[in-house]
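The values are calculated or read from the model by the stated rules, or taken from the named source; none is laboratory data. Note that the coordinates shown come from a computational prediction; the quantities given were computed from them, not determined experimentally. Here the Cβ positions follow ideal geometry from the backbone for every residue, glycine too, while neighbour counts run over all protein chains shown. Keep in mind that these areas ignore ligands, DNA and RNA; they rest on the heavy atoms of the full protein, side chains included. Shrake-Rupley method; radii C 1.70, N 1.55, O 1.52, S 1.80 Å.
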Amino acid sequence: MSRRTYLDHAATTPVLTEARAAVAAAFEAWVNPSSPHADGRAARAALEQARETIAEALGWRHDVILTSGASEAVTIAARRAKVPGRILGATEHDIVPYAMGEQARAISVDREGVVDLAELDAALGAGPALVAIQMVNNETGVIQPLGEIGARVRAAGSLLLADCAQGAGKLDLPDADFIAVSAHKLGGPPGIGALLVRDLATLEPSGGQEKGYRRGTQDMPSAAGFAAALASGAFRDAMPRLTALRQRLEDGVRAAGGVIIAHNSPRIATIGAVAIPGTSSASLLVQLDLAGFAVSAGSACSSGSMKPSRVLAAMGVAPDIAGGTIRISFGPATKEAEVDAFLAEFTRIAQRQRAA
């Protein structure tokens, strides 16, 4: 790994030192937080302290339901929100259409990946619904205008579910009724996340732990790691530097004859989607991997299948570009020298493609 360059932080980012230490310390006192004895009560206190830290770090003043990750958080809200309709953006993470069901109405996006607000208004006119819109797209980094979307959703008497897996801990959270968060996208351990809920009265409980909204033993050590990662502020502190780093990446890609996806949209600094027209994503990934660079072709949940990107198709990206798109994503420790080394290899691949 010392000879490789990791540029796939949107899939998962290495666990921060602070989070590792918090998990290790919590394991020293690990018992079931639901146990009634003194040891269980101590574990419960540690769990609740982690929950408070998570809420405080995210600027959230309402309820926090701990989950196994953002996918479970989305699923809880999608299946139990107390409104009859379901509406989602066309470029949501794959878990969203699955959880919302076949009857959910999909709202199209423009060529820059931004939700069509007029189409959303029309859908909202059909009655109260749960509207699921990503904060940051996991393939392109496009940031949706959730302030404006949320105002429209509330005015229609509907509820907003914001998938903030890629934005939490990096950007300020939107004003939403439900927010899904994942620890391993921001330097916490994998296998834990949260559903932030503005009003529990809008969500049907199912019994069990987490105030009756999730069954299963609560993972106090992972919650402690999640809280520590957020409290460190590592990603948020790095965002100005990563903004300049992504600009350096994209300038170099353009100089090599590459294309930047959704270059006119607001995008998060940690994600860049780029392409070499006429080159397949699979070919790019193999060549880069052999050269020591870890990148991906879209979402880690689906890139292994190498199917055409549903996100790029919804944006109307031309097939010769969509078929050659890869995602480069940064973490707080990503260095300028790593980006320069990637660009040197990317340029060599582009030159070979043109020669061929």
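I'm checking my understanding of the structure. Among residues of segment 165-180 that are assigned to a loop (DSSP other than H, G, I, E, B) and either in contact with a Cys (Cβ under 7 Å, 6 or more places away or on another chain) or closer than 26 Å to GLY127 by Cβ (or both), which one is least open to solvent (accessible area, probe 1.4 Å)? Restricting to residues being assigned to a loop (DSSP other than H, G, I, E, B) and either in contact with a Cys (Cβ under 7 Å, 6 or more places away or on another chain) or closer than 26 Å to GLY127 by Cβ (or both), the top hit is ALA176.
A quick yes/no check of all residues on (1) among the small types (Gly, Ala, Ser); (2) closer than 20 Å to ARG51 by Cα:
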site	(1), (2)
LEU130	no, no
GLN144	no, no
ILE149	no, no
LEU173	no, yes
VAL181	no, yes
GLY187	yes, yes
LEU196	no, yes
GLY212	yes, yes
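Which ones in segment 184-198 are surrounded by fewer than 24 Cβ atoms within 10 Å (Cβ to Cβ) and either polar (S, T, N, Q) or over 25 Å from ARG80 (Cα atoms) (or both)? Matches in segment 184-198: PRO189 only.
Please give the number of the condition VAL74 fails out of (1) open to solvent by 30 Å² or more (accessible area, probe 1.4 Å); (2) closer than 16 Å to GLN166 by Cα; (3) not small (Gly, Ala, Ser). With respect to (1) open to solvent by 30 Å² or more (accessible area, probe 1.4 Å); (2) closer than 16 Å to GLN166 by Cα; (3) not small (Gly, Ala, Ser), VAL74 is out only on (1).
A count restricted to segment 77-94 and to residues that are surrounded by fewer than 24 Cβ atoms within 10 Å (Cβ to Cβ), of a type in the set (A, V, I, L, M, F, W, C) and either in contact with a Gly (Cβ under 8 Å, 6 or more places away or on another chain) or closer than 21 Å to GLY191 by Cα (or both) stands at 1. The set of residues from segment 32-45 being open to solvent by less than 30 Å² (accessible area, probe 1.4 Å) and either of a type in the set (Asp, Glu) or under 14 Å from SER222 (Cβ atoms) (or both) comprises PRO33, ALA43. Determine whether segment 20-31 contains at least one residue that is open to solvent by 50 Å² or more (accessible area, probe 1.4 Å) and either under 20 Å from the mean Cα position of the chain (by Cα) or closer than 25 Å to ARG198 by Cα (or both). No, every residue in segment 20-31 fails to be open to solvent by 50 Å² or more (accessible area, probe 1.4 Å) and either under 20 Å from the mean Cα position of the chain (by Cα) or closer than 25 Å to ARG198 by Cα (or both). The criterion of at least 1 residues that are modelled with pLDDT of 95 or more, open to solvent by less than 30 Å² (accessible area, probe 1.4 Å) and under 30 Å from ILE54 (Cα atoms) is met, among helices (runs of 4 or more DSSP H) falling completely within segment 219-322, by 220-232, 234-255. Of GLY59, GLY69, all but one fail to be open to solvent by less than 20 Å² (accessible area, probe 1.4 Å), in contact (Cβ under 8 Å) with a residue 12 or more places away in the chain and of a type outside the set (A, V, I, L, M); the exception is GLY69.
Counting only strands (runs of 3 or more DSSP E) that fall entirely inside segment 73-138 and contain at least 2 residues that are over 17 Å from ALA313 (Cα atoms), the qualifying elements are 85-89, 129-134. For segment 323-342, filtering for residues that are of a type outside the set (S, T, N, Q), open to solvent by 10 Å² or more (accessible area, probe 1.4 Å) and either within 25 Å of LYS170 (Cβ to Cβ) or at pLDDT 95 or above (or both) leaves 8.
Of the residues in segment 95-102, at least one is surrounded by fewer than 23 Cβ atoms within 10 Å (Cβ to Cβ) and over 21 Å from the mean Cα position of the chain (by Cα). For segment 139-151, residues that are assigned to a strand (DSSP E or B) and open to solvent by 10 Å² or more (accessible area, probe 1.4 Å) total 1.
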